[in-house]
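Undergrad: The structure is given below, and queries will be raised subsequently.
Rule-based calculations on the coordinates, nothing more; no lab input. What you are looking at is a predicted structure, and each value in this text was computed from that prediction instead of being measured. No Cβ is skipped: glycine too gets one built from the backbone with ideal geometry, and neighbour counts run over all protein chains shown.
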Amino acid sequence: MSTAKKSKSAMQRNLMLAQLGVLSALIIVMTFVPYIGYISYGWLSITLIHIPVIVGACVLGWQGGAILGGVWGLACIVKAILQPPTPLEGILFRNPLIALLPRVLAGAAAGLVFLLVSKKDKRGHIATALAAIAACLCNTTFVMGGIYLFYGEKYGAQLNINAISFGGLTNYILAAFGVNAVIEMAVGIAIAVPVVYALRKVKTRI
């Protein structure tokens, strides 16, 4: 390998590590600074932390997405232990199968979808949008599914689920899934598409 190629490879590697570090720091800040990473309503929260994960997955590949998803999940567990928004969330999100695994899978899924679609979408806009949808669906499905599987009875009792008009815990989770997923997808697409496009242009110039 020539000196020029080695230098270019080193620059790309350093850029990748820098981007991974910045996005990881952003995830941590968004997790612990109030009203930045989570918008709470009732017993649920809409998250914005999926955005750095989606961006990283599209720019750094599915491995980078999985790593950033892992950072998100670990930060979520620490937050659940140290400063949970509600006592119930402090219980739910200490479980790695709810807090960690879905986020790792969401990051990996976003990266894989982007990789497949971007082969025919050179600008990457459609690929990024589909990656955002994949990440949101994966995260919400596994988080809400894990809550139902592991804590369904306790979660329902805390919500007084039989007294509300949703018709039971399952319907409540389906309604929450619809609200969370749609909002998170819309916000993720709106922000991730231009950011990913800009970062990919920087990467190709090196």
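Undergrad: Counting other beta carbons within 10 Å of each residue's own, what order do 187, 196 fall into, fewest first? Each step should come with its number before you reach the end.
TA: Values: 187 18, 196 25.
Neighbour counts put them in this order, fewest first: 187, 196.
Undergrad: Shifting gears a bit: Kindly put 184, 89 in sequence by how many other C-beta atoms sit within 10 Å of each C-beta, fewest to most.
TA: 89, 184
Undergrad: Pull out the extension gain between residue 16 and residue 202, defined as 0.36 nm times the separation in residues minus the alpha carbon to alpha carbon distance; nm, one decimal.
TA: Working: separation 186, 0.36 × 186 = 66.96 nm, distance 1.13 nm.
Between residue 16 and residue 202, full extension yields 65.8 nm more.
Undergrad: So how do 54, 39 line up by other beta-carbon neighbours within 10 Å, fewest first? If you can, show how the numbers build up before the last one.
TA: Numbers: 54 33, 39 13.
Listing 54, 39 from fewest to most nearby Cβ atoms yields 39, 54.
Undergrad: Count of lysine pairs in the stretch 9-204 with Cα atoms under 21 Å apart, counting only pairs 8 or more residues apart in sequence or on different chains? Don't jump to the answer; show the numbers that get you there.
TA: Details: 79/154; 119/201; 119/203; 120/201; 120/203; 122/201; 122/203.
Count of close lysine pairs: 7.
Undergrad: Count neighbours as other Cβ atoms within 10 Å of each site's Cβ, and list the trypsin sites (Lys or Arg not before Pro) in the stretch 60-140 that are DSSP loop with at most 12 such neighbours.
TA: Details: sites: 79, 94, 103, 119, 120, 122, 123; in loops: 94, 119, 120, 122, 123.
Counting only loop positions with at most 12 other Cβ atoms within 10 Å, the trypsin sites (Lys or Arg not before Pro) in the stretch 60-140 are 119, 120, 122, 123.
Undergrad: Another question, then. Specify the inter-centroid distance of the stretch 175-203 and the stretch 10-33, based on alpha-carbon positions, in whole Å.
TA: Using only Cα atoms, the two centres lie 18 Å from each other.
Undergrad: Could the peptides 197-203, 133-139, 105-111 be put in order, highest first, of the mean number of other beta-carbon atoms found within 10 Å of their residues? Walk me through the numbers on the way to the answer.
TA: Details: 197-203: 13.6, 133-139: 23.9, 105-111: 27.9.
In descending order of packing, they fall as 105-111, 133-139, 197-203.
Undergrad: Something else about it: How big is the Kirkwood radius of the stretch 9-204, worked out from every pair of different alpha carbons and given in Å to one decimal? Display every interim value, and only then the final one.
TA: On the way: mean 1/r = 0.0589 Å⁻¹.
Result for the stretch 9-204, one decimal place: 17.0 Å.
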